[in-house]
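Taking it in order: structure first as structure tokens, then the write-up.
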Amino acid sequence: MQNALATADLLSDDDLPGVDDSIAEFKQCIADFHTALQSAFVASIGDDSVDIRYLIALRASFTDGILQQAWKRHIPDNLEASLIAVGGYGRGELHPASDIDLMILLASEEDEATKRSLEQLLMFLWDIGLEVGHSVRTFQECITEAEKDITVVTNLLESRLLIGDKALYSAMQNATGPDNIWPSDAFFEAKWQEQKQRHQKYHDSAYNLEPNIKANPGGLRDIQMIGWVAKRHFGCESMHDLLVNHQFLTEEEFELLRRGEELLWKIRFALHITVGRREDRLLFDHQRKLAKLFGYRETENNEAIESFMQKYYRMVIELNRLNEMLLQLFQEAILLKEKVERTVINERFQSVNGYVEVTHQNVFTNQPSALIEIFVILAENENLKGVRASTIRLIRQSSDLIDENFRQDKAVQKLFLSLFTRDTGLTHELRRMNRYGILAAYLPAFENIVGRMQYDLFHVYTVDEHTMFAVRNLRRFTVAEFQDEFPLCSNIIDNLSMAHVVYLAALFHDIAKGRGGDHAKLGAVDAMAFCELHGLSSYESNLVSWLVKKHLLMSMTAQRKDIEDPEVIMEFANIVADPIRLDCLYLLTVADSRATNPDRWNDYKGSLLKQLYLSTRKALARGLDNPQDQAEIIRLRKEYSLAELVKDDYSQELVTDLWETLDDDYFMHSSPEEVIWQSKTVLKARPEIKPVVEIKRQSNRGGTEIFICTEDADNVFSIMTILLAQQGLKILNARIHSAGNSCTMNDYIVHEQDDSYIASSTRTAEIMEYLREGLLHPENVTKQINSHVKRQIKILGVAPEIVFTQDRKNQLTQLLLKATDRPELLATISRIFIQENIRVHSAKISTVGAQVEDIFLITDKNNAPIRDLEVMKCLSKTIVDALSENES
């Protein structure tokens, strides 16, 4: 059998196995073909000379030939049946691991002989290595299923006869056509709703950092959606028909659509051969490999992966815009049936069926400021659905009018700023301006962050999309129906006379990412230049610039420092300096933190920021020259707590006796509410044998609070972290306090793995009993932790780092651990502490983004600080090796 596959030429019948050839020959032919196809792709993708349309059509053509030979081999000539390609295969598009979707159409119910023939066919296909998805339907079943299910009729719409009864296939096509079932208006409406639901699944964003290149907004499914509607309603056999025969696309747009489709096809093809199976998700695991395969190289400010992904993101946003335009045109042609309702807005704009459009083609040429005005009009008129497709096109074509003279125009500046001072529309219109390319044209610095990914575990959106979400979060604070989400933020912004300052700070806070250097400082310079150019007051300009420069300060302070320490509060208060700055920084920090990764935001982070805000507000009210000292804070907390306990009939003497066993550190780091709750718990438990375990399912510290009081012994903290991990709980914060009566009082803020509080009393009782038993019998506690490290951590995680310092005042050694956050990290560390006979006297657990910075104050088993360099080196190596091993 001739092998012409090495050159990846289109096959003739002579290149395929014969009907009577062996299974082994079929398998070898298929294997040779796939090898040649992949080699052809890999050899040409690096210099971008690959003809991807040819390759995927080639695989479909080759598969056609194999299936036709298999059909002839097993199906009698007189059987009234057709073998039909459906789905992507029906379109003649077949990637290396794409589904080979088939429908076997029968004229009537299958008899035993037909059933045997079909079983033999399918078994043969399996034996030769073709994984097919198939359905067997009679003519009538096909019609019935198509009537019920839009997915079935869509598959049939792009079907293709491979072999068999042509008349039967034609009859099926006619019977399931728009004249008989699913008329084109109903079909379009159903597919449109289907797309909306699919987009919502991906947060209506084309900029997810691990995008699905098929299903994401701007992905292949959106292109296919256009093709389905075009074929069903207009009878178009190709996208080019939309250009030539129906004039829905310009030549430029058609070429953009083709280039976008080809880029997505190349990525999908590469994914399949890289992963070795069907895969549509562009996961972190694959992005770096594909960037190298596609020939991208690292530059001074960009990793290869960043350049590769930025090209992808910028293309899908263009495809998303084309999809928006075409579906709007389809709506007018199919649903509205050319019915036009016009309403004049002003001499430049009118509303057509709820979409704003220019009154004539020279509007932007004659008055360039209208390129900004149109977005202001949309913000002012909530009833407008969007921009009419023809005007979107004109906006894109006119964007080169936005030059330095345009940016210096006071009328333009006033229009742009008016978006930030309005009560509604800012988020939607900034997104639209970004989608149409106007925002980057007006703010040239923004161009650099469009489609720029952030290759870490913290951010899940590109920089520009993250920026849009930050602005959205700020605006959400002002919306009445969402004021129960963040009541303090809503109250602050309602009483803020210059909310536009915070919105502008959000727009600029990450604008300098990817340039090298400190993006906060560089962005502050950009923000100041913008504010001065746009005529903001000196106070407003300086405030916007300061917010951009310091936008990380509050989250870093709340998560990395001891915000119970009055010196930390005063240090932060001195930087902030005035209440308005504090209000604005708090709003920006909450909005920014929630916009990085919605799944990583939780009540605990919110409680830290809120506590820092309230403590700083008190410090500013008291006066920066009149700080509150530690002794006064402790005295006031004790006085209040004692009064409340006595009011609840607790003996003042017993309370005082208990408190005398506790040091000042306990009262500095425990709120009056916690002191009262924990004191009651201990006093009520006497004279019972310890351990005392109590759980407050929902505390004001943003999680479930677990308190224990037990006899001080080696490894209490370590045992507790292991027990909590074994119960599937995440430790967000831990405090350890040694009491003078040979007891230790520890409390933990925990979440379930899904970041929820412990919900039920049954679950609470189960955890309490498990902890009591483990603390009573630590020798029985298994040290095994069944943890699963996420694949993102394995790829993006930072190398663990250990730093030792000596606390000579307290005769303790401080161990600082910096590592990537992961399940059961504390339990892993604790297991090592037990193994190495290390005692933990205090711990501060801190997670910043996706990185932990945990501090442990430790000694050896004899309560002596660890100063031996070899011991520290050995302990450090053991921890690093354990964390690295678990991530491999």
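One equal scatterer on each Cα of the range 209-285, no solvent, Debye formula: the resulting log10 I(q)/I(0) at q = 0.21, 0.28 Å⁻¹ is -0.93, -1.27. Here the range 197-273 exposes an accessible surface that is 42 percent carbon and sulfur, computed with a 1.4 Å probe and the other protein chains kept in place.
In the context of the full set of protein chains, residues of the range 11-144 present 44 Å² of accessible surface per residue (probe radius 1.4 Å, heavy atoms only). Charge tally around Glu801: other residues with Cβ under 10 Å, Lys/Arg +1 each, Asp/Glu -1 each, net 0.
Compute the orientation-averaged projected area for the range 102-204 from the convex hull of its Cα atoms and round it to one decimal in nm². Computing the convex hull of the Cα atoms and averaging its projections yields 8.3 nm².
For the range 370-386, 3J(HN,Hα) computed residue by residue from phi via the Karplus equation (6.51, -1.76, 1.60; θ = phi - 60°) reads 5, 5, 9, 4, 4, 6, 5, 4, 5, 5, 7, 10, 5, 7, 6, 7, x Hz, glycine and proline entered as x.
Loop-located trypsin sites (Lys or Arg not before Pro) in the range 318-410 (DSSP state not H, G, I, E or B) with no more than 16 neighbouring Cβ atoms inside 10 Å: Lys337, Lys339, Lys385.
Placing pseudo-labels 7 Å out from each Cα toward the beta carbon at Gln361 and Val19 gives an inter-label distance of 6.0 nm.
Computed over Cα pairs, the Kirkwood radius of the chain leads via Stokes-Einstein (0.692 mPa s, 37 °C) to a diffusion coefficient of 103 µm² per second. Each listed q (0.18, 0.22, 0.25 Å⁻¹) maps to a log10 I(q)/I(0) for the range 387-472, found by the Debye formula over equal Cα scatterers with no solvent: -0.90, -1.22, -1.36. For the range 263-373, the equivalent ellipsoid built from the Cα gyration tensor has semi-axes of 42, 21, 8 Å, listed from largest to smallest.
At a 1.4 Å probe radius, carbon and sulfur cover how many percent of the accessible area of the range 693-776? Ligands and nucleic acids excluded, carbon and sulfur reach 45 percent. Taking a sphere under 13 Å around the Cβ of Thr151 and counting the other residues whose Cβ falls inside, with K and R at +1 and D and E at -1, yields a net charge of -2.
Length, then width, then depth: along the principal axes, the Cα atoms of the range 431-500 run 35, 31, 18 Å. In the context of the full set of protein chains, the range 602-738 has a per residue accessible area of 45 Å² (1.4 Å probe).
Expressed to the nearest 5 percent, the antiparallel share of DSSP beta bridges inside the range 33-190 is 55 percent. With semi-axes defined as the square roots of five times the eigenvalues of the C-alpha gyration tensor, the equivalent ellipsoid of the range 679-728 measures 19, 18, 8 Å, largest first. Over the chain, dividing the summed -39,500 (n - 2.57) contributions of all DSSP H runs of at least 4 residues by the number of residues returns a 222 nm mean residue ellipticity of -17000 deg cm²/dmol. The three principal axes of the C-alpha atoms in the range 552-707 carry coordinate ranges of 50, 41, 23 Å, sorted with the longest axis first.
Computed 3J(HN,Hα) for the range 44-50, one whole-Hz value per residue from the Karplus formula 6.51 cos²θ - 1.76 cosθ + 1.60 where θ = phi - 60°, is 10, 6, x, 9, 6, 9, 5, glycine and proline marked x.
The listed residues Thr151, Thr557, once ranked by accessible area (1.4 Å probe) with the largest placed first, stand as Thr151, Thr557.
Taking the 1.4 Å solvent-accessible surface of the range 369-479 as the whole, the part contributed by carbon and sulfur is 47%. Net length available on complete extension from Asp400 to Asn863 is 159.5 nm, with 0.36 nm assigned per residue and the Cα-Cα distance removed. Computed on the Cα trace of the range 620-665, the radius of gyration divided by the Kirkwood hydrodynamic radius gives Rg/Rh = 1.12. Dividing the C-alpha radius of gyration of the range 358-417 by 2.2 N^0.38 Å, with N its residue count, gives 1.11. P(r) for the range 100-145, from all Cα pairs and a bin width of 5 Å, is 5, 20, 27, 23, 17, 7, 1 %, short bins first. When Rg and the Kirkwood radius Rh are both evaluated on Cα atoms of the range 684-776, their ratio Rg/Rh stands at 0.94. Computed from point charges on the beta carbon alone (+1 for Lys and Arg, -1 for Asp and Glu), the dipole magnitude for the chain about its Cα centre is near 1380 Debye.
The values are calculated or read from the model by the stated rules, or taken from the named source; none is laboratory data. Since this is a predicted model, take the numbers as computed values, not measurements. Don't worry about glycine lacking a Cβ; one is built from the backbone with ideal geometry, like all the others, and counts go over all protein chains shown. Heavy atoms of the whole protein, side chains included, go into the accessibility calculation; ligands, DNA and RNA do not. Shrake-Rupley method; radii C 1.70, N 1.55, O 1.52, S 1.80 Å.
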